[in-house]
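S.K.: Have a look at the structure that comes next, please.
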Amino acid sequence: MTEIDFLNWVRGPGFQIATIIFVAGVLIRIFEIILLGRKANLAEAKGSEMSSGLRTIVTRSVPQADSFKRSTFTIVTGYIFHIGLFVTIFLYAPHILLIKDIVGISWPALPTPVVDAFAVISIISLLAILIHRFSNKVLHYLTNFEDLLVWFVTIAPLVTGYIAFHRIGFTAPTLLGIHILSVEILMIVFPFTKLMHAFTLFMARWYNGAISGYRGVES
Amino acid sequence: MTNKFDDKNKTLGDTLRSRGISRRSFLKFCAATASMMALPPAMIPKVAHALENAKRPSVIWLSFQECTGCTESLTRSHSATIENLIFDSISLDYHHTLQAASGHAAEAAREAAMEENHGNYILVVDGSIPMDNPGYSTIAGISNYDMLMDTAKGAAAIIAVGTCATYGGIPHAKPNPTGAVSVGDLIKDKPIINVPGCPPIPVVITGVVTHFLTFGTIPELDHIGRPKVFYGQSIHDRCYRRPFYDKGLFAETFDDEGAQKGWCLFKLGCKGPTTYNACATTKWNNGTSFPIEAGHPCIGCSEPDFWDGGGFYKALSMPTENITQTALYTAAGAAAVGVAAGALNRAKKNAATKAHPNTTIEDLEK
Ligand code: SF4
């Protein structure tokens, strides 16, 4: 297998396999959660479920003052790498081309050096998060294999993408191939790990808000 | 035909002189060759000396499943190029397209050259070799495979010219109906220099021959057999549009403002980032330009399997398969499975509720 064969494979059949596992895994899990349903609430509704649910999706994204004080590091680094991931995935021109090819829609990209900077910042914050995880006794105690796996598959595309863009070390087709492969691994691991939070997060927040809304209390 | 034996004993210098090539243009040629091969200027006299005294080497050129574009590339280049100089100075003893003889006479010439120069001739091959059925491509009733194996035996070195001979090329493209393979797939016991390209740059072909004549060795090769001096850097590494790529300024179509301003052609499918060749530096048509300079993205023609990269106009970051369809079919299937799993879970939940015994007041009073 030449390196171009490898690149063609990850751009073709490899990406197809990853897409099938990703889409199937995510959809089956979401359907399962939604269809499980809840017992009918026999109490009289004291407010709207929908508006409270939607509001909570937004309000819970803003850290509260006391929890921010307690876990400043986690919240700040968490925000930084999530924003960095968003920028590198969705605002980098070649990635937008990929999305356009699959979904058919596109939007303007950020200049490449800006995306590059975001990638570096994300990598640094993810490294800091790992160090923090091991230096904090409680976090260390709570850490299991899945946490490390999820950390690894998240940072891998960032690092391989950075290396592929700057063409460090190996020849270009190999670097690009490894980058695409690392994304495919992320897609495959995604539905079976806590990475699913990217989808379930909004469902959970909505539900929390909806319960409070029904009872007529603030969420 | 000129007297072969006289010719053979002449050195390359003699030949060039007899053709009226001045010392000055010969040295110019040597300087150009040295710089092309990335040799320091101090090496120019050595190149000149070696070339002047080189005996005209016998070259046998075999053409298999090919389009003759490689030969065209070499012979149609501008008349006064150094590549013509060098090709006037070898003894091209067998070449279908260029030789006057045909049929058995041609084969006899090949056999005579092989015998006379056994162990010393250079074998050049263009085109791939069909392995499914030898009848797909034969010359004078001899299958490509037999002819290659037979001729390779006595060769000092083999130069595979063009992407078909080096990596299978167009005949090897999916679904590869003839079972085409490259020279390197078949010959393992001889040094093979791969000079890929569809077609390869003429000066690269001659540069390799010159290297062999000058040093008597094959140039340093990369991991897929290409001379590093010519294939050491990618098109993207040397592309003059690279600053636009780095800034993220891309032409979106062939005639938009970006295209007019000479922005990067990545979005139009440029394979420059993954293609290793000398086009951006040596250029084509006597150094006039190269495809990207003419406004067309690089199609990656000197890389293995360049036809199977999902299309010339598909950007490198796009998948080569129809992922939209894959995702839609998967989503439909997954929705069905999800609903079925949901129904199963519900049934389980209901059964559990039913199985759960209700506690009555009487039970508690017991
Ligand atoms: S035109 Fe092609 S080779 Fe040149 S910078 Fe853009 S992507 Fe790279």
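S.K.: What percentage of all Cα-Cα pairs in the stretch B:235-308 are separated by more than 14 Å?
M.R.: Tail of P(r) above 14 Å: 56 percent of Cα pairs.
S.K.: For the stretch B:320-365, take N as its residue count and report Rg(C-alpha) divided by 2.2 N^0.38 Å.
M.R.: Dividing the Cα radius of gyration by 2.2 N^0.38 Å gives 2.25.
S.K.: Across the Cα atoms of chain A, what radius of gyration and what greatest pairwise Cα-Cα distance (Dmax) are found, in Å?
M.R.: That works out to 20.4, 68 Å for Rg and Dmax.
S.K.: Compute the distance from the alpha-carbon center of the stretch B:280-301 to that of the stretch B:332-361, in whole Å.
M.R.: So the separation of the two Cα centres works out to 66 Å.
S.K.: So what is the 222 nm mean residue ellipticity for chain B from helices alone, if each DSSP H run of at least 4 adds -39500 (n - 2.57) and you divide by all residues, rounding to the nearest 500 deg cm²/dmol?
M.R.: -12000 deg cm²/dmol
S.K.: If neighbour count is taken as other Cβ atoms inside 10 Å, put A:SER125, A:SER219, B:SER302 in order from fewest to most.
M.R.: A:SER219, A:SER125, B:SER302
S.K.: Place the peptides B:154-163, B:93-102, B:31-40 in order of packing, highest mean first, counting for every residue the other Cβ atoms within 10 Å and averaging per peptide.
M.R.: B:154-163, B:31-40, B:93-102
S.K.: Once you compute Rg and the Kirkwood Rh from C-alpha atoms, what is the Rg to Rh ratio for the stretch B:252-346?
M.R.: 1.29
S.K.: In whole Hz, what ³J(HN,Hα) sequence does the stretch B:140-156 give by Karplus (6.51, -1.76, 1.60; θ = phi - 60°), x for Gly and Pro?
M.R.: For the stretch B:140-156, the Karplus curve yields 6, x, 9, 5, 4, 4, 4, 5, 5, 5, 5, 6, 5, 3, x, 7, 6 Hz.
S.K.: With no other cysteine's Cβ closer than 4.7 Å, which Cys residues of the protein assembly as shown count as lacking a disulfide-compatible partner?
M.R.: Isolated Cys, the protein assembly as shown: B:CYS30, B:CYS67, B:CYS70, B:CYS164, B:CYS239, B:CYS264, B:CYS270, B:CYS279, B:CYS298.
S.K.: Mind listing which trypsin sites (Lys or Arg not before Pro) in the stretch B:226-281 are in a DSSP loop and have 15 or fewer other Cβ atoms within 10 Å?
M.R.: B:LYS261
S.K.: Could you tell me which GluC sites (Glu not before Pro) in the stretch A:142-219 are loop residues by DSSP with no more than 12 other beta carbons within 10 angstrom of their beta carbon?
M.R.: Sparse-neighbourhood loop GluC sites (Glu not before Pro): A:GLU218.
S.K.: Also, quick follow-up: Using DSSP to define loop residues, name the GluC sites (Glu not before Pro) in the stretch A:1-47 whose beta-carbon has at most 15 other beta-carbon atoms within 10 Å.
M.R.: Listed in order of number, the matching sites are A:GLU44.
S.K.: Let me ask something else about it. Give me the one-decimal Kirkwood hydrodynamic radius in Å for the protein assembly as shown, with the sum taken over alpha-carbon pairs.
M.R.: Averaging 1/r across every pair of different Cα atoms and inverting gives 28.8 Å.
No value in this document is a laboratory result; all are computed from the given coordinates. Model, not experiment: these values are computed from the prediction. Using ideal geometry, Cβ is built from the backbone for each residue, glycine included, and neighbour counts are taken over all protein chains shown.
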